[in-house]
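Novice: Before I ask anything, let me first share the structure, which is written out below as structure tokens.
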Amino acid sequence: MNPVAIQIMRRQLRLNEARYRSVLRNAGGVSSSKELTDAGARKVYEEMCRMAQASTPAARYVWVLWNSLQNFLPAKERNGAYLVGFIRKCVPTAAGISDLSQLSILTPAELHKTIESLKIRIENEKQKMADVPF
């Protein structure tokens, strides 16, 4: 397993240092990614993938919409920090969300507002593309 994949997943989830170290300790049994064996790296990566899976249909739909929106975003904005910031901006009551593994803690109303905001953003981006003369 390539350690770069773990770092990419970490950035996608927007895990802070403490949360990342906790995953390394709990899943891989190490305190640094440099100490990971292949088997440990697989376990850490699988745990991060599990964290990325939303537990409700609405939270899964946020991931689907996010994947659609990424096609319109510059490369530097295609990360978990951007989506967390987007959620915090459109749903001020969701200020407690710190990474994308916490999508399931959003209330149904917060998820609904996030979904609708993502849909609007995608439509706006599609409209921008339609207005570009070729």
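The values are calculated or read from the model by the stated rules, or taken from the named source; none is laboratory data. Values in this document were obtained by computation on a predicted structure and should not be read as measured data. Reconstructed Cβ throughout: ideal geometry from the backbone, glycine too, with neighbour counts over all protein chains shown. Ligands, DNA and RNA are excluded from the accessible area calculation, which covers all protein heavy atoms including side chains. Shrake-Rupley method; radii C 1.70, N 1.55, O 1.52, S 1.80 Å.
Novice: Looking only at the range 88-127, count every residue that is in contact (Cβ under 8 Å) with a residue 40 or more places away in the chain and either of a type in the set (D, E, K, R) or open to solvent by 100 Å² or more (accessible area, probe 1.4 Å) (or both) and tell me the total.
Specialist: Going residue by residue through the range 88-127, those that are in contact (Cβ under 8 Å) with a residue 40 or more places away in the chain are 98-101, 103-104, 106, 108, 111-112, 114-115, 118-119, 121-122, 125-126.
With the extra rule that they be either of a type in the set (D, E, K, R) or open to solvent by 100 Å² or more (accessible area, probe 1.4 Å) (or both), the set shrinks to 99, 108, 112, 119, 121, 125-126.
Number satisfying all stated conditions: 7.
Novice: Kindly check whether there is at least one residue in the range 65-73 that is assigned to a helix (DSSP H, G or I) and more than 16 Å from GLN12 (Cβ to Cβ).
Specialist: First, the residues of the range 65-73 that are assigned to a helix (DSSP H, G or I): 65-70.
Pick out the ones that are also more than 16 Å from GLN12 (Cβ to Cβ) and you get none.
Among the residues of the range 65-73, not one is assigned to a helix (DSSP H, G or I) and more than 16 Å from GLN12 (Cβ to Cβ), which makes the answer no.
Novice: Anything in the range 37-56 that is part of a helix (DSSP H, G or I) and either modelled with pLDDT of 85 or more or under 12 Å from ALA5 (Cα atoms) (or both)? List them, or say none. Reasoning before the result, please.
Specialist: First pass over the range 37-56, keeping only residues part of a helix (DSSP H, G or I): 38-52.
Listed by number, the residues that qualify are ASP38, ALA39, GLY40, ALA41, ARG42, LYS43, VAL44, TYR45, GLU46, GLU47, MET48, CYS49.
Novice: Follow-up. Does ALA81 meet the test of being of a type in the set (Gly, Ala, Ser) and either open to solvent by 50 Å² or more (accessible area, probe 1.4 Å) or farther than 19 Å from LEU13 by Cβ (or both)?
Specialist: Working: of a type in the set (Gly, Ala, Ser): yes; either open to solvent by 50 Å² or more (accessible area, probe 1.4 Å) or farther than 19 Å from LEU13 by Cβ (or both): no.
It is false that ALA81 is of a type in the set (Gly, Ala, Ser) and either open to solvent by 50 Å² or more (accessible area, probe 1.4 Å) or farther than 19 Å from LEU13 by Cβ (or both).
Novice: Another question, then. When the residues of the range 1-50 are filtered to those that are closer than 20 Å to ASN79 by Cβ and of a type in the set (Ser, Thr, Tyr), which remaining residue is least open to solvent (accessible area, probe 1.4 Å)?
Specialist: So the residue we want is TYR20.
Novice: Search the range 69-87 for residues that are under 22 Å from ALA130 (Cβ atoms) and pair each with any residue that is β-branched (Val, Ile, Thr) and in a helix (DSSP H, G or I) when their beta-carbon atoms are under 6 Å apart and the residues are at least 6 apart or on different chains.
Specialist: Close Cβ pairs (under 6 Å, with a partner that is β-branched (Val, Ile, Thr) and in a helix (DSSP H, G or I)) amount to LEU69/ILE122.
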